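Working notes, structure below.
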Amino acid sequence: MVLAERRAVQPDVLFVGRERLGIIGDVVNGSADLVAEVISPESRRRDRFDKRDLYEQHGVQEYWMLDPEASTVEVFYLEDGQDRLVGRWGPGETAVSRLLAGFSVPLAGMFSGE
């Protein structure tokens, strides 16, 4: 995903809505609508802070952080130019999207290897 001339990232998962499919070519030229990152011990600071700030600056509407160590999913939604926490969910709960009506992800078994 190319965000600027010298700024490209490779999110774990991204979603681009139908009305913005034109940004997809050999690469994604611009911000995806939704980005998800699986946080690993090696990338904890980068995913939790640096990438979140970067995605916020470049207009990613929703950012999902999946943290296997904490067994949580945090969802942030861009509102008035700033990320706002939609929710933080743990085992047995269901994470929900504010951007995509009806989209939710049950966390049961997600982090336990079941």
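Per-structure values
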read-out: Hits in the range 1-58 - residues which are part of a strand (DSSP E or B), surrounded by 13 or more Cβ atoms within 10 Å (Cβ to Cβ) and among the β-branched types (Val, Ile, Thr); value: Val2, Ile24, Val28, Val35, Val38
read-out: Pairs with Cβ under 7 Å, 6+ apart, first in the range 1-23 and closer than 16 Å to Glu62 by Cα and at pLDDT 90 or above, second surrounded by 12 or more Cβ atoms within 10 Å (Cβ to Cβ) and of a type in the set (Asp, Glu); value: Pro11/Glu37; Asp12/Glu37; Phe15/Asp33; Val16/Asp33; Gly17/Asp33; Arg20/Asp33
read-out: Residue ID - surrounded by the fewest Cβ atoms within 10 Å (Cβ to Cβ), chosen from residues in the range 72-90 that are of a type in the set (Val, Ile, Thr) and either touching a Phe, Trp or Tyr at 6+ places or on another chain (Cβ under 6 Å) or under 15 Å from Gln57 (Cβ atoms) (or both); value: Val86
read-out: Which listed residue is β-branched (Val, Ile, Thr) and more than 21 Å from Arg18 (Cβ to Cβ), from Val60, Val86, Val35; value: Val86
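The values are calculated or read from the model by the stated rules, or taken from the named source; none is laboratory data. Here the structure is a predicted model, which is why all the values come from computation and not from measurement. Positions of Cβ are backbone-derived with ideal geometry, glycine not excepted, and every protein chain shown enters the neighbour counts.
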